[in-house]
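Worksheet: the structure to be examined is printed underneath.
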Amino acid sequence: MSDKILAFGCDHAGLTLKLELMEAARSLGFSVIDCGTTSEESVDYPDFANKVVEVLKSQQASLGVLMCGTGIGMSMVANRHPKIRAAVCHTELEARLAREHNNANILCLGGRILGADQAKSCLEAFLSAHFSGGRHTQRVEKIG
Ligand code: RB5
């Protein structure tokens, strides 16, 4: 599995942000798999969260990025799956710590909450951070 491949998914409320962040990810040297949605027609966010999870489970991508209006619905759906650790983040610090302490494998962002620049900062922090291991390992293992 390449750690330079990311899976992106969104609903209608996250579409604009997804397009901007996929471009930002490409400019950082990542390849992206776009799991939709691809238009502003109203859709149900669980369908797209589940698609991104399937891409991660099949090891086509190492990390996912999910966007809806708030990021909350996406995180709820993704976190129902074993071994998926999805974190809603609003700041670079949260995004970095979600990787370092929680070994998050999906970043969830709110298209109606964050501006593009703030969201890009969160994405960059998430992608450049790594799980710290150590005392965090057994805690993450207890999540299941
Ligand atoms: C869609 O209107 C909105 O409810 C959805 O994008 C998301 O914010 C749910 O968590």
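Looking only at region 38-91, filter to residues that are among the small types (Gly, Ala, Ser) and more than 22 Å from GLU141 (Cα to Cα); which one of those is most open to solvent (accessible area, probe 1.4 Å)? Even if it seems obvious, please write down each step before you answer.
Narrowing region 38-91 to residues among the small types (Gly, Ala, Ser): 39, 42, 49, 58, 61-62, 64, 69, 71, 73, 75, 78, 86-87.
Applying the additional criterion that residues be more than 22 Å from GLU141 (Cα to Cα) yields 39, 42, 49, 69, 71, 73.
Values: SER39: 48, SER42: 89, ALA49: 0, GLY69: 10, GLY71: 0, GLY73: 8 Å².
Looking at the filtered set, the residue picked out is SER42.
If I filter region 12-28 down to residues being touching a strand residue (DSSP E or B) at 6+ places or on another chain (Cβ under 8 Å) and of a type in the set (D, E, K, R), which single residue comes out as farthest from CYS122 (Cα to Cα)?
The qualifying residue farthest from CYS122 (Cα to Cα) is ARG26.
What are the residues in region 99-131 that are in a loop (DSSP other than H, G, I, E, B), surrounded by 14 or more Cβ atoms within 10 Å (Cβ to Cβ) and more than 16 Å from the ligand (Cβ to nearest atom), if any?
Going through region 99-131, the residues in a loop (DSSP other than H, G, I, E, B) turn out to be 101-105, 111-115, 129-131.
Next, from what is left, pick out any that are surrounded by 14 or more Cβ atoms within 10 Å (Cβ to Cβ): 101-105, 111, 113-114, 129, 131.
Hits for region 99-131 are HIS101, ASN102, ASN103, ALA104, ASN105, ALA129, PHE131.
With the checklist (1) part of a loop (DSSP other than H, G, I, E, B); (2) within 15 Å of the ligand (Cβ to nearest atom) in hand, flag the one item ALA61 doesn't pass.
(2)
Could you list all residues from region 4-57 that are in contact with a Phe, Trp or Tyr (Cβ under 7 Å, 6 or more places away or on another chain) and polar (S, T, N, Q)?
THR37
Can we say ASP11 is of a type in the set (D, E, K, R), more than 12 Å from the chain's Cα centre (by Cα) and open to solvent by 50 Å² or more (accessible area, probe 1.4 Å)?
On the way: of a type in the set (D, E, K, R): yes; more than 12 Å from the chain's Cα centre (by Cα): yes; open to solvent by 50 Å² or more (accessible area, probe 1.4 Å): no.
No, not satisfied.
Could you tell me whether region 38-50 includes any residue that is away from the ligand (no atom under 15 Å from the Cβ) and among the charged types (D, E, K, R)?
Taking region 38-50 and keeping what is away from the ligand (no atom under 15 Å from the Cβ), we get 38.
Then drop every residue that is not among the charged types (D, E, K, R), which leaves none.
No, region 38-50 has no match at all.
Does at least one position in region 65-80 carry a residue that is over 10 Å from CYS108 (Cα atoms), more than 10 Å from the ligand (Cβ to nearest atom), assigned to a loop (DSSP other than H, G, I, E, B) and among the charged types (D, E, K, R)?
Yes, some residue in region 65-80 is over 10 Å from CYS108 (Cα atoms), more than 10 Å from the ligand (Cβ to nearest atom), assigned to a loop (DSSP other than H, G, I, E, B) and among the charged types (D, E, K, R).
Of the residues in region 1-37, how many are more than 16 Å from the ligand (Cβ to nearest atom), in a helix (DSSP H, G or I) and touching a helix residue (DSSP H, G or I) at 6+ places or on another chain (Cβ under 9 Å)? Before the answer, list the steps.
Residues of region 1-37 more than 16 Å from the ligand (Cβ to nearest atom): 1-7, 20, 22-34.
Retained after the next criterion (residues that are in a helix (DSSP H, G or I)): 20, 22-27.
Next cut, touching a helix residue (DSSP H, G or I) at 6+ places or on another chain (Cβ under 9 Å) only: 20, 24-25.
Of the residues in that region, 3 qualify.
The values are calculated or read from the model by the stated rules, or taken from the named source; none is laboratory data. Keep in mind the model is a prediction, meaning the values are calculated, not measured. When we count neighbours, we look across all protein chains shown, and the Cβ atoms used for this are built from the backbone with ideal geometry, even at glycine. Side chains are part of the model used for accessible areas, which takes the heavy atoms of the whole protein and leaves out ligands, DNA and RNA. Shrake-Rupley method; radii C 1.70, N 1.55, O 1.52, S 1.80 Å.
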